[in-house]
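J.: My questions all concern the structure below.
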Amino acid sequence: MPSTLALSLPAKGAAFTPTTIERRPLRDDDVRIDISFCGICHTDLHFGHDDWGGTLFPFVPGHEITGVVSEVGDAVTAFGVGDRVGVGCMVNSCGRCAPCTAGEEQYCTEGFVKTYSARDHDGTVTLGGYSQSIVVAERFVLRIPDELELAGAAPLLCAGVTVYSPLRRWGAGPGKKVGVLGMGGLGHLGVKIAAAMGAEVTLLGRSPEKRDDALGFGAARFVDTRDSAELAALAGHFDLIVNTVPALLDVDTYLGLLDLGGTLVNVGAPGDPVASYNVFSLLSARRSIAGSSIGGIRETQDMLDFCTKHKITSEIEMIPADRVPEAWENLSGVRYRYVIDIATLGAP
């Protein structure tokens, strides 16, 4: 079987180890990708630390992958050698259920196959993009428009579509007041995308030093969530709040910022995912709490095309592969996404 170099966590609590992993031989519908860049997502850490249980070790993280096609199977029609492509959080699904046939593979009733730490339909364990190459079925490969540079586009494959999907579904646009809660890897893209959709955007965060960034990304205002007076002034203000924070929150506080019929959509997943709220926070103004998970392949391609039109990419800090452990320790401090230069993997 073809092999490739990767960064692996051999066991829970172990350190990253450069290792050689195997990729499957090309099937008729497969695309082999030489990986150029891979973003570091907070979900990588949750799986690496086994926060949610069930991580399959040895573990190779990475689901914000961009690169160039190096080989295609005999039945592949959408891609050719040399094409600029990406892979996000999914590499397979049943393809038969109602969500799959509607282009929402992320809600596959049999469960989509994650790009890492999942058992694929052939029984093999998936290994992610902290590696030099990957083999993926054609229908889970995204085309990266030429106008998007590959490094800044990598985080769009997870962080970008994770905020784009709820913004589109809940109608962010002209005349809508949108709050983006948290300004990390997801939140800064949420501000950019919501503003590009024409919504009035408010960044709700705990880092005043990011105020100028938020305004530069298109927010109309920055509100410090530790300032109770600032929050009180926004009571009943928002049509939609997208919560990108991977930590438990005082849910009732943010429900109180919603207008009649407003929705709080959760896309950030904390290590402890169990939250609570007062039901009267919902009943008092027909408010809703919702969740949204990444996006389907069709929607992800739509997002890439939208970001191309509006010149949106992630703000990144490029790092060599040997700095991945350091980046994992400092993920909350990056502005706004670490991206691994895979060309450095294996370098002296």
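J.: Consider only pairs whose beta carbons are under 6 Å apart and that are at least six residues apart or on different chains; among these, list those whose first residue lies in the range 28-39 and is assigned by the TED database to the domain that holds Phe79 and whose second residue is of a type in the set (Phe, Trp, Tyr).
T.: Going by the 6 Å Cβ cut-off, the qualifying pairs are Val31/Phe79; Cys38/Tyr130.
J.: Out of the residues in the range 17-36 that are open to solvent by less than 40 Å² (accessible area, probe 1.4 Å) and in contact with a helix residue (DSSP H, G or I) (Cβ under 8 Å, 6 or more places away or on another chain), which is nearest to Ser131 (Cα to Cα)? Show your work before the answer.
T.: So in the range 17-36, the residues open to solvent by less than 40 Å² (accessible area, probe 1.4 Å) come out as 21, 23, 30-33, 35-36.
Those left that are additionally in contact with a helix residue (DSSP H, G or I) (Cβ under 8 Å, 6 or more places away or on another chain): 30-31, 35-36.
Details: Asp30: 18, Val31: 16, Ile35: 7, Ser36: 9 Å.
Only one residue tops the list, namely Ile35.
J.: Out of Leu260, Leu264, Leu304, I need the residue that is at pLDDT 95 or above, among the aliphatic types (A, V, I, L, M), loosely packed, with under 13 Cβ neighbours inside 10 Å and not in a loop (DSSP other than H, G, I, E, B). Which one? Lay out the reasoning, then the answer.
T.: Values: Leu264 fails: loosely packed, with under 13 Cβ neighbours inside 10 Å; Leu304 fails: loosely packed, with under 13 Cβ neighbours inside 10 Å.
Result of the check over Leu260, Leu264, Leu304: Leu260.
J.: While we're on this one: For the range 96-203, please list each of the helices (runs of 4 or more DSSP H) lying entirely inside it that holds at least 3 residues being touching a strand residue (DSSP E or B) at 6+ places or on another chain (Cβ under 6 Å) and open to solvent by 30 Å² or more (accessible area, probe 1.4 Å). So that I can check it myself, show each step before the final result.
T.: Working: elements: 98-101, 150-153, 159-169, 185-196.
Per the criteria, no element qualifies.
J.: Moving on. Residues being charged (D, E, K, R) and crowded, with 20+ Cβ neighbours inside 10 Å: count how many of those fall in the range 38-61.
T.: 1
J.: Of all residues in the range 213-254, how many are at pLDDT 95 or above, buried (at least 16 other Cβ atoms within 10 Å of the Cβ), touching a helix residue (DSSP H, G or I) at 6+ places or on another chain (Cβ under 9 Å) and aliphatic (A, V, I, L, M)?
T.: Total meeting the criteria: 6.
J.: While we're here: Within the range 315-325, is even one residue touching a Pro at 6+ places or on another chain (Cβ under 6 Å), touching a residue at least 40 places away in the same chain (Cβ under 8 Å) and buried (at least 17 other Cβ atoms within 10 Å of the Cβ)?
T.: Of the range 315-325, the ones touching a Pro at 6+ places or on another chain (Cβ under 6 Å) are none.
No: the range 315-325 contains no residue that is touching a Pro at 6+ places or on another chain (Cβ under 6 Å), touching a residue at least 40 places away in the same chain (Cβ under 8 Å) and buried (at least 17 other Cβ atoms within 10 Å of the Cβ).
J.: Among (1) of a type in the set (A, V, I, L, M, F, W, C); (2) outside any loop (DSSP other than H, G, I, E, B); (3) in contact with a strand residue (DSSP E or B) (Cβ under 7 Å, 6 or more places away or on another chain), which single condition is Trp328 missing?
T.: (3)
J.: I'm checking my understanding of the structure. Among residues of the range 62-90 that are more than 23 Å from Met318 (Cα to Cα) and of a type in the set (Ser, Thr, Tyr), which one is most open to solvent (accessible area, probe 1.4 Å)?
T.: Per the stated criteria, the residue is Thr77.
The values are calculated or read from the model by the stated rules, or taken from the named source; none is laboratory data. Keep in mind that this is a model prediction, so the values were computed, not measured. When we count neighbours, we look across all protein chains shown, and the Cβ atoms used for this are built from the backbone with ideal geometry, even at glycine. For accessibility, only protein heavy atoms count, side chains too; no ligands or nucleic acids. Shrake-Rupley method; radii C 1.70, N 1.55, O 1.52, S 1.80 Å.
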